[in-house]
1. For the chain, with only Lys/Arg (+1) and Asp/Glu (-1) charged at the beta-carbon, what is the dipole magnitude about the Cα centre, in debye rounded to 20?
2. Residues of the range 143-180 with the amide nitrogen closer than 14 Å to a label point 7 Å from the Cα of residue 201, along Cα-to-Cβ, please.
3. Over the chain, average the accessible area per residue using a 1.4 Å probe and give it in Å², no decimals.
4. Quickly work out the residue 104-to-residue 14 label distance, labels modelled 7 Å from Cα along the C-beta direction, and quote it in nm with one decimal.
5. If you take all C-alpha pairs in the range 116-222, what percent of them are over 18 Å apart?
6. For the range 182-222 and the range 76-115, write down the distance between their C-alpha centroids in whole Å.
7. Would you mind computing, in nm to one decimal, how far apart the modelled labels at residue 54 and residue 217 are, each placed 7 Å from Cα along Cα→Cβ?
8. Taking 0.36 nm per residue of sequence separation and subtracting the Cα-Cα distance, how much length would be gained by fully extending the chain between residue 7 and residue 191, in nm to one decimal?
Amino acid sequence: AVVSRVTGMLAVALALLACITSGRVRRWHRFHVVALLFVSWAGGVVLMTRVVNVPSKLWTFVQLFLVVWMIWEIAGPRRRLLGLWMAYVLGAYVAALDTILLYRREGASLRRFAAGGVDPNDLAMTLVLALPMAWYLGMTYRKPLLRWVCRGYIPIGIVAIGLTGSRGGMLATLVALLIVPLTMTNMSPGKFAVAAATLALSGALAVVYVPDTIVQRLGTIG
């Protein structure tokens, strides 16, 4: 946790330095304004309720807003943005595979699984964010090898999310996968076949690998 905070503060400082040295600040999109209003509203609610300990979620909101701002300022060109997405997908790959390996090693003694001993709910949300990125890159990236790497994350990520046993993560997965029907109408027949096969493989692996105890837990979402 300490390392992530230090690197985060360093990243923000470098982003501010880049803005100062370049002498420019990109004009915000409406999304940035809405995000800032949401963070401000959450902070205002905390102040009005006069809670003794500021909820950790509020700091998470602030950190996420700063990440969005840094990406907007530094990764302007499409090439840089796609590079960031690829880096995130590759990082999610590591966490997802580690979670699956943990299940293979400790399947008999654990009820939920998460790489590195982190909170399963937090890990599930981290893996979910990579799903739409991987899907988009898998359908549009110019390099064939990297396209297949991104496509391969979909089944691996879904299985890992299932193994976390996170009900919130499963709901977020359903939302993230909305990118599938939204993009399939513009696909060529070849890409459509690959997309259908990817989804079928994801479902089959989830059925095979996710234990019944976790399935029963996920069944209590309603």
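1. Value, rounded to 20: 620 debye.
2. What the label zone holds, given the 14 Å backbone N cut-off, is 145-159.
3. Per residue, the chain has an accessible area of 63 Å².
4. Distance between the two pseudo-spin positions: 3.4 nm.
5. On the way: 2744 of 5671 pairs.
Result for the distance tail: 48 percent.
6. 17
7. The answer from the label model is 3.2 nm.
8. Going from the current span to full extension adds 62.4 nm.
The values are calculated or read from the model by the stated rules, or taken from the named source; none is laboratory data. Remember, predicted model here, so these are calculated numbers, not experimental data. Quick reminder, even Gly has a Cβ in these numbers, built from the backbone with ideal geometry, and neighbours come from all protein chains shown. These area figures cover heavy atoms from the full protein model, side chains too; ligands, DNA and RNA do not enter into them. Shrake-Rupley method; radii C 1.70, N 1.55, O 1.52, S 1.80 Å.
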